[in-house]
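The values are calculated or read from the model by the stated rules, or taken from the named source; none is laboratory data. Computed from a predicted structure; not experimentally measured. For neighbour counting, all protein chains shown are included, and Cβ atoms are generated from backbone atoms with ideal geometry for every residue, glycine included. Just the protein is used for accessible areas: all its heavy atoms, side chains included, with ligands, DNA and RNA removed. Shrake-Rupley method; radii C 1.70, N 1.55, O 1.52, S 1.80 Å.
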Amino acid sequence: MKAIKIAPSVLAADFARLGDQVKEAEAGGADMLHVDVMDGHFVPPVNLGLLIVEAINRTTKLFLDVHLMVERPDHLLRPFVESGADSVTVHYEATDHIHRLVYDIRKLGARAGAGINPGTPASMLDELLEDIDLALVMTVNPGWGGQPFIESCLSKVKRIRSRAAETNPSLDIEVDGGVNGSNIPSCVAAGANVLVAGMSVFGADGSIGAAISGLRSAASGGSR
Ligand code: DX5
Ligand code: ZN
């Protein structure tokens, strides 16, 4: 089984204390940071952009997993990689040219991800599985943190993991949206290994580090 990676989503952080929260996540054992970028078109909200990625990159050594929820992301790939993105994920629904874009991302020296919304069949990624480093399966409709997890999306994780077993066994499969200690065991059982967590890390009752440890322990079948 692939190594589990816990990816706190900074969308749920306290932006008045972003630097401290990022450092806490790093010290608390996060494997990477997930950074959501929304353009007001692909999804209604407008939020994080290049300046935030650049600022986070100055604050931490953690791998930055940038999730572009933007229409026609073509012109944004280079700026995000130059601002510090280590991985860039584009949505299948946001472009007619996802095959070209994942190649463009790799040419820029970053890892390439392709994402699908809850209403998009997993088969839309079939022709891409050999060409990407990460498949992102949204487990909420994108746009907002703190929404309830959509369990039925896990069948898509299963399908992608089983197809990738032949064509790209090192593929990372990321689940994003509503992930918490209760549903993590089923995410991992379905074949996900990158677990994005916004509210269940930055909105947890205890410390950020305790939340990350709790999620990791849930992922390995321990206490939740
Ligand atoms: C939703 C974003 C998610 C979000 C997850 O559109 O892509 O990354 O931050 O937040 P939680 O874990 O709170 O659902
Ligand atoms: Zn995201």
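One line per residue, one yes/no per condition, for (1) open to solvent by 70 Å² or more (accessible area, probe 1.4 Å); (2) more than 25 Å from Lys158 (Cα to Cα); (3) touching a helix residue (DSSP H, G or I) at 6+ places or on another chain (Cβ under 6 Å); (4) within 13 Å of ligand 1 (Cβ to nearest atom):
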residue	(1), (2), (3), (4)
Ile6	no, no, yes, yes
His67	no, no, no, yes
Arg72	yes, yes, no, no
Val81	no, yes, no, no
Gly113	no, no, no, yes
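Look at region 137-148: where a residue is closer than 17 Å to Ser200 by Cβ and more than 7 Å from ligand 1 (Cβ to nearest atom) and a partner is hydrophobic (A, V, I, L, M, F, W, C) and part of a loop (DSSP other than H, G, I, E, B), sitting 6+ places away or on another chain with Cβ atoms under 7 Å, you get Thr139/Phe149; Thr139/Ile150; Thr139/Val179. State yes or no: is Gly203 more than 16 Å from the chain's Cα centre (by Cα), open to solvent by less than 30 Å² (accessible area, probe 1.4 Å) and either closer than 25 Å to Arg111 by Cα or touching a residue at least 12 places away in the same chain (Cβ under 8 Å) (or both)? No. For region 149-190, the set of residues classified as of a type in the set (Asp, Glu) and more than 8 Å from ligand 1 (Cβ to nearest atom) consists of Glu151, Glu166, Asp172, Glu174, listed by residue number.
Considering every residue within region 132-148, establish whether at least one is aromatic (Phe, Trp, Tyr), closer than 23 Å to Ile6 by Cβ and open to solvent by less than 50 Å² (accessible area, probe 1.4 Å).
Scanning region 132-148 turns up no residue that is aromatic (Phe, Trp, Tyr), closer than 23 Å to Ile6 by Cβ and open to solvent by less than 50 Å² (accessible area, probe 1.4 Å).
Quick one: is Leu50 open to solvent by 60 Å² or more (accessible area, probe 1.4 Å) and either within 13 Å of ligand 1 (Cβ to nearest atom) or closer than 26 Å to Val140 by Cα (or both)?
Numbers: open to solvent by 60 Å² or more (accessible area, probe 1.4 Å): yes; either within 13 Å of ligand 1 (Cβ to nearest atom) or closer than 26 Å to Val140 by Cα (or both): yes.
Yes; evaluated as a whole, the condition is true for this residue.
Of the strands (runs of 3 or more DSSP E) lying entirely inside region 116-214, those carrying at least 2 residues that are within 12 Å of ligand 2 (Cβ to nearest atom) and aliphatic (A, V, I, L, M) are 134-138, 194-197. Residue pairs whose Cβ atoms lie under 9 Å apart, separated by 6 or more positions or on different chains, with the first residue in region 172-187 and under 14 Å from Pro8 (Cβ atoms) and open to solvent by 20 Å² or more (accessible area, probe 1.4 Å) and the second assigned to a strand (DSSP E or B) and within 11 Å of ligand 1 (Cβ to nearest atom), are Asn180/Ala197. Restrict the check to region 76-85 and report whether at least one residue is within 16 Å of the chain's Cα centre (by Cα) and within 27 Å of Val188 (Cβ to Cβ). Yes; the residues of region 76-85 include at least one that is within 16 Å of the chain's Cα centre (by Cα) and within 27 Å of Val188 (Cβ to Cβ).
Determine whether region 123-130 contains at least one residue that is charged (D, E, K, R) and free of Cβ contacts under 8 Å to residues at least 24 places away in the same chain. No; the residues of region 123-130 include none that is charged (D, E, K, R) and free of Cβ contacts under 8 Å to residues at least 24 places away in the same chain.
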